[in-house]
Amino acid sequence: MARIVMKFGGTSVADLDRIRNVAQRVKNEVDAGNEVAVVVSAMSGVTNQLVGYCEDASPMYDAREYDVVVSSGEQVTSGLLSIVLQSMGVAARSWQGWQIPIRTDSVHAKARIEDIGTEELDKRFKSGEVVVVPGFQGVGSDNRVTTLGRGGSDTSAVALAAATKADRCDIYTDVDGVYTTDPRIVAKARKLDKITYEEMLELASLGAKVLQTRSVEMAMKHDVRLQVLTSFEEKPGTLVCGEDEIVEQELVSGIAYSRDEAKITLIGVADRPGVSAGLFGPLADTSINVDMIVQNVSEDGQKTDVTFTVPRGDLQRAIQLLEEKQEEVGYERLVSDSDVVKISVVGVGMRTHAGVAATMFKALAEKGINIQVITTSEIKVSVLIAEEYLELAIRALHSAYGLDADEE
Ligand code: ADP
Ligand code: ASP
Ligand code: MG
């Protein structure tokens, strides 16, 4: 007997037929004698629709009311799945975030889970009742409903698995595992049997939305055995695990991309101490996340250019703020570009092998793709390029690192 948390994403619960399919999978685990908690997303498309309602209601909507609206999608699926399970003779009950409770901080729309009460859950596990939990939602210190940021149901599932010391957390989605890159972009993407927490964390934070970044962070911290698999077929998925469980480690495990990027270049910035602090301090104070940064040394010690990236949705706010600071900071001109994407190659093998970045630059050069900004860390190299080359670049890199499926 095992204790299992099963999470089903939006496409897996997109309509009643699919919810029946999910219920059957849950029943199979119950019939096998396991204790089961299920975390469900909203039906696919519903959260986007709810977000749209808020934006249409008022562009300056209150984040607390946004959470009231967008958390409702998951409430519906938790009830529907419970009804279907009961109709199949499986004892099941839905438990909303506030009922468990899943306690979060009060940063509405991007709350973090702080604590999960396990008393009620333990009782249900013992009595053999399936616990059905709406993902994405919790209750803040202000006792109001909160949501965990887009893709947050993954984090609900992992947090529940950690809190209840589950043996497994199975994330069912619309692809059959974690691939070397998004299989919707590269047909030759290869499914990975296993991937390290660390690599998955990098891939997720660099744009691979198959798992929410925080869910991987939490799985790594609490040693949750995390699997990604499809709800549409019976086949093994990808295990996210510690490095010690992986026998043969590839140099590069995966390639991620993010379209959520915009580039700002400040031309003619004074080359003196305090300028970067004067620039990036105000951006940080308004919660604008700056990611890649390049600054040249000036030839004459007088003026230089600074380029950096911000999330695309924050570009206008960032420009406005920087224009207000133009005199104070002292720069000549601001140029921006939102038709850019960030592509990253990730692999723990980079720690011990040289040449990964060189392979990347060569593969992009061969396709005539210009690299605008480069950043590296211990296990990743990222480049910023024009958005029009996104697919070409990912395919070229996928081949260059020998990741294509038919090369096995
Ligand atoms: P769910 O609704 O089940 O949470 P998501 O849409 O959030 O599903 O995540 C699954 C999607 O992640 C896939 O459909 C796929 O397009 C995308 N994806 C991006 N990178 C990868 C990758 N490396 N491996 C698998 N899927 C990926
Ligand atoms: N329904 C939420 C979203 O679309 C949470 C999730 O599905 O993970 O972002
Ligand atoms: Mg998701």
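The values are calculated or read from the model by the stated rules, or taken from the named source; none is laboratory data. The structure presented is a predicted model; accordingly, all values stated were derived computationally and were not measured. Ideal geometry is used to build each Cβ from the backbone, glycine not excepted, and the neighbour counts take in all protein chains shown. Areas reflect the complete protein model, heavy atoms only, side chains present, ligands, DNA and RNA absent. Shrake-Rupley method; radii C 1.70, N 1.55, O 1.52, S 1.80 Å.
In this structure, Val346 does satisfy being over 21 Å from Ser276 (Cβ atoms) and modelled with pLDDT of 95 or more. Of everything in region 44-70 that is closer than 19 Å to Gly149 by Cβ and among the aliphatic types (A, V, I, L, M), the residue that is nearest to ligand 1 (Cβ to nearest atom) is Val46.
Just checking, how many residues over region 163-173 are under 20 Å from Lys194 (Cβ atoms) and not in a strand (DSSP E or B)? Qualifying residue count for the region: 2. Regarding region 122-130, can at least one residue be identified that is away from ligand 1 (no atom under 13 Å from the Cβ), in contact with a Leu (Cβ under 7 Å, 6 or more places away or on another chain), open to solvent by less than 40 Å² (accessible area, probe 1.4 Å) and closer than 21 Å to Met43 by Cβ? Taking every residue of region 122-130 in turn, at least one turns out to be away from ligand 1 (no atom under 13 Å from the Cβ), in contact with a Leu (Cβ under 7 Å, 6 or more places away or on another chain), open to solvent by less than 40 Å² (accessible area, probe 1.4 Å) and closer than 21 Å to Met43 by Cβ.
From the list Val186, Val139, the lone residue that is touching a residue at least 60 places away in the same chain (Cβ under 8 Å) and hydrophobic (A, V, I, L, M, F, W, C) is Val186.
When region 51-93 is limited to residues that are in contact with a Phe, Trp or Tyr (Cβ under 9 Å, 6 or more places away or on another chain) and more than 25 Å from Asp122 (Cβ to Cβ), the one that is surrounded by the most Cβ atoms within 10 Å (Cβ to Cβ) turns out to be Gly73.
Summed over region 180-205, residues that are more than 10 Å from ligand 1 (Cβ to nearest atom), among the aliphatic types (A, V, I, L, M) and within 17 Å of the chain's Cα centre (by Cα) total 1.
Take the conditions over 24 Å from the mean Cα position of the chain (by Cα) and either more than 30 Å from Leu148 (Cα to Cα) or surrounded by fewer than 13 Cβ atoms within 10 Å (Cβ to Cβ) (or both) and apply them to Asn289. Does it pass? It is false that Asn289 is over 24 Å from the mean Cα position of the chain (by Cα) and either more than 30 Å from Leu148 (Cα to Cα) or surrounded by fewer than 13 Cβ atoms within 10 Å (Cβ to Cβ) (or both). The requirement of being part of a helix (DSSP H, G or I), hydrophobic (A, V, I, L, M, F, W, C) and near ligand 1 (Cβ under 7 Å from one of its atoms) is not satisfied by Leu160. Looking at this structure, is Gly177 within 22 Å of Arg25 (Cα to Cα), near ligand 1 (Cβ under 9 Å from one of its atoms) and in a loop (DSSP other than H, G, I, E, B)? When the stated conditions are applied, Gly177 passes them. When the criteria are applied in full, Lys110 fails the requirement of being away from ligand 3 (no atom under 16 Å from the Cβ), surrounded by fewer than 19 Cβ atoms within 10 Å (Cβ to Cβ) and under 30 Å from Met220 (Cβ atoms). In this structure, does Arg168 turn out to be away from ligand 2 (no atom under 12 Å from the Cβ), open to solvent by 10 Å² or more (accessible area, probe 1.4 Å) and of a type in the set (D, E, K, R)? Against the criterion (away from ligand 2 (no atom under 12 Å from the Cβ), open to solvent by 10 Å² or more (accessible area, probe 1.4 Å) and of a type in the set (D, E, K, R)), Arg168 qualifies.
Consider region 138-157 and keep the residues that are open to solvent by less than 10 Å² (accessible area, probe 1.4 Å) and in a strand (DSSP E or B). The one that is farthest from ligand 2 (Cβ to nearest atom) is Val139.
In the condition set (1) open to solvent by less than 90 Å² (accessible area, probe 1.4 Å); (2) without any contact (Cβ under 8 Å) to a residue 12 or more places away in the chain; (3) farther than 23 Å from Ser382 by Cβ, Lys325 is compliant with all but (2). For region 280-318, a residue qualifies if it is at pLDDT 90 or above, out of contact with any strand residue (DSSP E or B) (no Cβ under 6 Å at 6 or more places or on another chain) and of a type in the set (A, V, I, L, M, F, W, C), and the qualifying residues are Phe280, Leu283, Ala284.
Confirm whether Ala111 is more than 23 Å from Phe232 (Cβ to Cβ) and within 16 Å of ligand 2 (Cβ to nearest atom). Taking the combined requirement at face value, the residue satisfies it.
Within region 30-45, which residues are open to solvent by less than 40 Å² (accessible area, probe 1.4 Å) and within 15 Å of ligand 2 (Cβ to nearest atom)? Correct list: Val38, Val39, Val40, Ser41, Ala42.
Could you please let me know if Glu119 is open to solvent by less than 30 Å² (accessible area, probe 1.4 Å) and charged (D, E, K, R)? So Glu119 fails the test. Scanning region 300-309 for any residue that is touching a Gly at 6+ places or on another chain (Cβ under 7 Å), farther than 30 Å from Glu391 by Cα and open to solvent by 10 Å² or more (accessible area, probe 1.4 Å) turns up at least one such residue. Of the helices (runs of 4 or more DSSP H) entirely within region 305-408, those holding at least 1 residues that are out of contact with any Pro (no Cβ under 9 Å at 6 or more places or on another chain) and under 18 Å from Leu203 (Cα atoms) occupy 356-366, 390-400.
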